[in-house]
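The values are calculated or read from the model by the stated rules, or taken from the named source; none is laboratory data. Please read all numbers here as calculations on a predicted model, not as lab measurements. Counting neighbours? That spans all protein chains shown, and the Cβs are built from the backbone with ideal geometry, glycine included.
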Amino acid sequence: MDSLLNAARPPVFCPGCSHERITHTLDKAFQTMGLGGERIAMVSDIGCSGLFDTFFNTHAFHGLHGRALTYAAGLKLVRPELTVVVTMGDGGQGIGGAHLLAACRRNLDLTLLVLNNFNFGMTGGQYSATTPPDAEVGSGFLNRLEQPLDICGVARAAGAPYVVRCSAYRSDIAEVIRKAVEFKGFSVVDIWGICPGRFSKRNRLTTKGIEEMLSRLTPFEGQVPENQRREFGEHYRELAAAQKTVPPPQAITSAFAPVSCDRQEVIMLGSAGQRIITAGEILCLAGLHAGLNATQKNDYDITVLRGPSISEMILSPQAIDCTSIQRPSVVVALGPEGVARRRKMFAALDDTGTVIQAVGVDVPAGRARTHRVDFKGQGFKGTDWALASLGVLSKLGVVIRPEMLEAALTARLKGDALAGALEVVCRVAPGEWL
Amino acid sequence: MALALMEGNEAIARGAVAAGCRFFAGYPITPATTILNHMLAMLPPLGGVCIQGEDEIASIGFCLGASMAGVKAMTATSGPGISLYSEQISFAIGSEIPIVIVDIQRLGPSTGSATRGADGDVQFLQWGNSGGLPVIVLAPTDVTDCYTLTVHAFNLAERYRCPVFVASNKEIAMTRESLDLERLTPPAPVDRVAPPPDQPFLPFQASDGEGVPGFLPIGGRIPVRQTSSTHGPDGFITTDPSEITRALTRMQSKINSAADQVAMVDHHPAEDAETLIVTYGVSSRAAGAAVRELQRRGKPTSLLVLKTLWPVPAAAIRRAAGGVQRILAVEMNLGQYVREIERILPGQAVGFCGQMDGRLIAPETIVEAVIHG
């Protein structure tokens, strides 16, 4: 294969920069692999490593500091056949650390070449995540305070299946890169090199010195046995293909006459776990079966198993504008937390309003007609009170009728759940007016 | 009539799929999470990809990669996530990457209230990018709009190669509502256009130097360059002031000159109206109720509902404001879009009716603001 280097844009690194050596060895690796430029995407971000994409006649994606792995993932998920090589510096590992961890855990077939030269070359040699504490860099004393990041150790701990730590001056570096690119899965190559423009101006660092530093650390030479597993993209596509298609939205045609031609506002006040939201949805579906428009607005705390659960429903033959309830036609009081949150509302009810009050739940005094139902005494579990209250409304002919409710339940539920729900709404005794 | 019951977020997800979206990445955040849930259920069986990113920055980064690989991509979040998206949004603007970004607005500032609505991001969406280039922002009023405007958002993103925001609100997103499936009228999906085949490909070369560059995907037969750096038509970094000016002027003008085509508004003029209410999003519905009540009280009032917020539909606002004595801007924040209305209607009386306390603006509040100013 011919070189993929862009003859019109030769490397522009400082004389003696290890990045230039890696540019040529990467090209050599591509040539050995026999890949044309259209089959490769070079993804880079900010810093001197971010110049790499401009030197190659390949697809190129150059983006924000530390985020190269995110673009690479998007490219690879859409185009699995593409060879995606990411170049980042040691700076990018610091700012984009979350993406490094996630890429290691994910194991998408990408190759990350870390061009590690222990400082921010472009901005004045400030310390990076890998700067040794005894180095003299452009950040004053700050690097003396922090431990350098062991990129390879972190990558292994995070699940990377292929990790190499090596010197940019290693004689077989092109082979090292080729093998990493050819590995099917996420591969990290942490390549240590010299930044003559900044780092080695103030710090004595030679190729031999790099070898010595590397020899004091745990070696990483390729496959990490404990992290071998399936490649993410292939696995994703296999699991995705087994997922069931989502059906189009369920269309309901009007089959019954509505109870009222006016806008009806219903509010259900209960506690978490009472299936208030599901009952509200069923009430709305009952309305749809009578050709009514419906809205359902819910209010519950972030802790879904504790606290109030409130559902506000509006049924109307006209388009529904404001979806919040000002003066409800019906209040269903099923739990003290919900009642407590809307206490003020009871005083605003007039004698056209209806309150369905579960025995055992206190409500503030008001002028509305109150209907008391002993759900507990009738043997209903707390999780069925909301549903049973719909049975009460339908039997009283308030807002809904039994046939609307039955149609709604049939539309929403299946099998045992449907049979159980129908039993509840049939069996409930409507209680008494106070 | 075929009524269905769904929340706004499901309608956005279904609209996206209908528009041809085949890539979604997001990070869970109330009140946007259910879009991620719906996309995860819908895309994989269609051969698409839905991913939960390690954070918001990654989620939109995946989308930018996927979009450049040639598929229609969407992400969804709330205000705190838009903050994290910001740098990637600037990238998408400056490097002309089509993407739909859904912002389910919640009460801010900051983490604010996860389950309370507001329209507090409408200036942020336009100006929360470095460089200050124009963007397109659409604002749904109900679940039907959520579906239809999402299809429009994809079409605009593809046509203009830019990010397009759908600025929804918790109060639409997580409210279930009936919609008539037979009356949904989404536009036909539009796809990005390839460059003319008879010319050498340059990734940012618009024909005659105007408008939108033709698109080729990364991973296709011809190598494509994409870069967040200031670039010329060839996608290489440039410092040439005239080349920079040409590129930035073209990107500014491709959106601003399309303002009239992009403008979607509903105008309900009332005879003998003294006041025009200008509003958007969920507040439009309370405004509609207020207008009916005002009519009943003998105070006919006109209503203009903006479904396109950016670029500002200035011509439509000026037309609607002709002949009224006063304009009242109604919005669920402390006064954001009213600035645009004041800007384009100099010399006219512009009042403001706003509220940002987690509650919907009540129709009666708007009635009072019209009557007593």
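Can you pull out the residues in the range B:69-90 that are touching a Leu at 6+ places or on another chain (Cβ under 7 Å), surrounded by 24 or more Cβ atoms within 10 Å (Cβ to Cβ) and within 12 Å of chain A (Cβ to nearest Cβ)?
B:69, B:88
Restricting the first residue to the range A:324-345 and requiring it to be under 13 Å from residue A:308 (Cβ atoms) and crowded, with 19+ Cβ neighbours inside 10 Å, which pairs with a second residue that is at pLDDT 95 or above and charged (D, E, K, R) meet a Cβ separation below 8 Å and a spacing of at least six or different chains?
These pairs meet every condition: A:339/A:362.
Quick one: count up the residues across the range A:23-55 that are outside any helix (DSSP H, G or I) and under 23 Å from residue A:128 (Cβ atoms). Steps first, answer last, please.
Our first condition is that a residue be outside any helix (DSSP H, G or I); within the range A:23-55, this holds for A:34-36, A:40-47.
From what is left, the residues that are under 23 Å from residue A:128 (Cβ atoms) are A:42-47.
Here the count works out to 6.
Out of all the residues in the range B:313-327, is one or more away from chain A (no Cβ under 14 Å), over 24 Å from residue B:145 (Cβ atoms) and buried (at least 19 other Cβ atoms within 10 Å of the Cβ)? Talk me through it step by step, then tell me what you get.
To start, the set of residues in the range B:313-327 that are away from chain A (no Cβ under 14 Å) comprises B:313-327.
Okay, now just the ones that are also over 24 Å from residue B:145 (Cβ atoms), so B:322-326.
Those left that are additionally buried (at least 19 other Cβ atoms within 10 Å of the Cβ): B:324.
Yes; the residues of the range B:313-327 include at least one that is away from chain A (no Cβ under 14 Å), over 24 Å from residue B:145 (Cβ atoms) and buried (at least 19 other Cβ atoms within 10 Å of the Cβ).
Scan the strands (runs of 3 or more DSSP E) fully inside the range B:281-372 and keep the ones with 3 or more residues being hydrophobic (A, V, I, L, M, F, W, C). Before you say what the answer is, go through the steps one by one.
Numbers: elements: B:301-306, B:308-310, B:326-331, B:349-354.
Once the strands (runs of 3 or more DSSP E) in the range B:281-372 are filtered for at least 3 residues that are hydrophobic (A, V, I, L, M, F, W, C), what remains is B:301-306, B:326-331, B:349-354.
What number goes with the only condition from (1) in contact with a Pro (Cβ under 9 Å, 6 or more places away or on another chain); (2) within 11 Å of chain A (Cβ to nearest Cβ); (3) of a type in the set (S, T, N, Q) that residue B:155 does not pass?
Every condition holds for residue B:155 apart from (2).
Under 30 Å from the mean Cα position of the chain (by Cα), under 30 Å from residue B:18 (Cα atoms) and hydroxyl-bearing (Ser, Thr, Tyr): does that describe residue A:300?
Working: under 30 Å from the mean Cα position of the chain (by Cα): yes; under 30 Å from residue B:18 (Cα atoms): no; hydroxyl-bearing (Ser, Thr, Tyr): yes.
So residue A:300 fails the test.
Select from the range A:272-281 the residues that are within 10 Å of chain B (Cβ to nearest Cβ) and over 15 Å from residue A:328 (Cβ atoms) and write down the one among them that is nearest to the chain's Cα centre (by Cα).
Initial filter on the range A:272-281 (within 10 Å of chain B (Cβ to nearest Cβ)): A:277, A:280-281.
Of the ones still in play, those that are also over 15 Å from residue A:328 (Cβ atoms) are A:277, A:281.
Values: A:277: 24, A:281: 27 Å.
Across the range A:272-281, the extreme among qualifying residues is A:277.
Scan (1) out of contact with any strand residue (DSSP E or B) (no Cβ under 6 Å at 6 or more places or on another chain); (2) within 18 Å of residue A:278 (Cα to Cα); (3) part of a loop (DSSP other than H, G, I, E, B) for the single condition residue A:399 breaks and write down its number.
The number of the failed condition is (1).
Among the numbered criteria (1) under 22 Å from residue A:318 (Cβ atoms); (2) of a type outside the set (Asp, Glu); (3) in contact with a Ser or Thr (Cβ under 7 Å, 6 or more places away or on another chain), which one does residue B:276 miss?
(1)
Considering only residues that are away from every other protein chain (no Cβ under 14 Å) and surrounded by fewer than 12 Cβ atoms within 10 Å (Cβ to Cβ), which ones fall in the range B:188-208?
B:188, B:196, B:197, B:198, B:199, B:208 - these are the residues of the range B:188-208 that are away from every other protein chain (no Cβ under 14 Å) and surrounded by fewer than 12 Cβ atoms within 10 Å (Cβ to Cβ).
Specify the residue that is surrounded by the most Cβ atoms within 10 Å (Cβ to Cβ); the eligible residues are those in the range B:41-68 that are within 18 Å of residue B:160 (Cα to Cα) and touching a strand residue (DSSP E or B) at 6+ places or on another chain (Cβ under 6 Å).
Residue satisfying both the conditions and the ranking: B:63.
If I filter the range A:56-102 down to residues being of a type in the set (Phe, Trp, Tyr) and assigned to a strand (DSSP E or B), which single residue comes out as farthest from residue A:2 (Cα to Cα)? Show your work before the answer.
Let us first name the residues in the range A:56-102 that are of a type in the set (Phe, Trp, Tyr), namely A:56, A:61, A:71.
Pick out the ones that are also assigned to a strand (DSSP E or B) and you get A:56, A:61.
On the way: A:56: 12, A:61: 22 Å.
Going through the qualifying residues, I end up with A:61.
Could you check the range A:74-98 and list, in sequence order, the residues that are at the interface with chain B (Cβ under 7 Å from one of its Cβ atoms) and either among the β-branched types (Val, Ile, Thr) or closer than 17 Å to residue B:91 by Cα (or both)?
Narrowing the range A:74-98 to residues at the interface with chain B (Cβ under 7 Å from one of its Cβ atoms): A:74-75, A:77-79, A:82, A:98.
Result: A:74, A:75, A:78.
Please find, among A:32, A:58, A:70, the residue that is surrounded by 20 or more Cβ atoms within 10 Å (Cβ to Cβ), more than 21 Å from residue A:236 (Cα to Cα) and of a type in the set (Val, Ile, Thr).
Numbers: A:32 fails: surrounded by 20 or more Cβ atoms within 10 Å (Cβ to Cβ); A:70 fails: more than 21 Å from residue A:236 (Cα to Cα).
Within the list A:32, A:58, A:70, the selection yields A:58.
If you take the residues in the range A:346-380 that are modelled with pLDDT under 95 and polar (S, T, N, Q), which one is surrounded by the fewest Cβ atoms within 10 Å (Cβ to Cβ)?
Out of the qualifying residues, it is A:352.
Is the range A:141-156 home to any residue that is in contact (Cβ under 8 Å) with a residue 60 or more places away in the chain and farther than 29 Å from residue A:236 by Cβ?
Yes, the range A:141-156 has at least one match.
Within the range A:220-252, take every residue that is surrounded by fewer than 11 Cβ atoms within 10 Å (Cβ to Cβ) and more than 18 Å from residue B:50 (Cβ to Cβ) and give me the one that is nearest to the other protein chains (Cβ to nearest Cβ). Lay out the reasoning, then the answer.
If we filter the range A:220-252 for residues that are surrounded by fewer than 11 Cβ atoms within 10 Å (Cβ to Cβ), which is where we start, we get A:225-226, A:238-239, A:241-242, A:244-245, A:247-248.
Add one more test, that the residue is more than 18 Å from residue B:50 (Cβ to Cβ), and what stays is A:225-226, A:248.
Details: A:225: 25, A:226: 22, A:248: 8 Å.
Of everything passing the filter in the range A:220-252, A:248 is nearest to the other protein chains (Cβ to nearest Cβ).
Show the residue pairs meeting these rules: Cβ distance below 6 Å; 6+ apart or different chains; first residue within the range B:143-155 and more than 12 Å from residue B:308 (Cβ to Cβ); second residue in a helix (DSSP H, G or I) and among the β-branched types (Val, Ile, Thr).
The qualifying pairs are B:146/B:12; B:150/B:12.
What's the number of the only condition in (1) part of a helix (DSSP H, G or I); (2) in contact with an Asp or Glu (Cβ under 9 Å, 6 or more places away or on another chain) that residue B:202 fails to meet?
Checking residue B:202 against (1) part of a helix (DSSP H, G or I); (2) in contact with an Asp or Glu (Cβ under 9 Å, 6 or more places away or on another chain), the one that fails is (1).
Here are the criteria: (1) assigned to a helix (DSSP H, G or I); (2) of a type outside the set (Lys, Arg); (3) within 14 Å of chain A (Cβ to nearest Cβ); (4) surrounded by fewer than 24 Cβ atoms within 10 Å (Cβ to Cβ). Tell me which single one residue B:216 does not satisfy.
Among (1) assigned to a helix (DSSP H, G or I); (2) of a type outside the set (Lys, Arg); (3) within 14 Å of chain A (Cβ to nearest Cβ); (4) surrounded by fewer than 24 Cβ atoms within 10 Å (Cβ to Cβ), the lone unmet condition for residue B:216 is (1).
If I ask for residues that are closer than 16 Å to residue B:310 by Cβ, surrounded by fewer than 22 Cβ atoms within 10 Å (Cβ to Cβ) and within 14 Å of another protein chain (Cβ to nearest Cβ), which ones from the range B:112-142 would you list?
Within the range B:112-142, B:131 is the sole residue that qualifies.
Of the numbered conditions (1) more than 10 Å from every other protein chain (Cβ to nearest Cβ); (2) surrounded by fewer than 24 Cβ atoms within 10 Å (Cβ to Cβ); (3) in a strand (DSSP E or B), residue B:109 satisfies every one except a single condition; which is it?
The single condition residue B:109 does not satisfy is (3).
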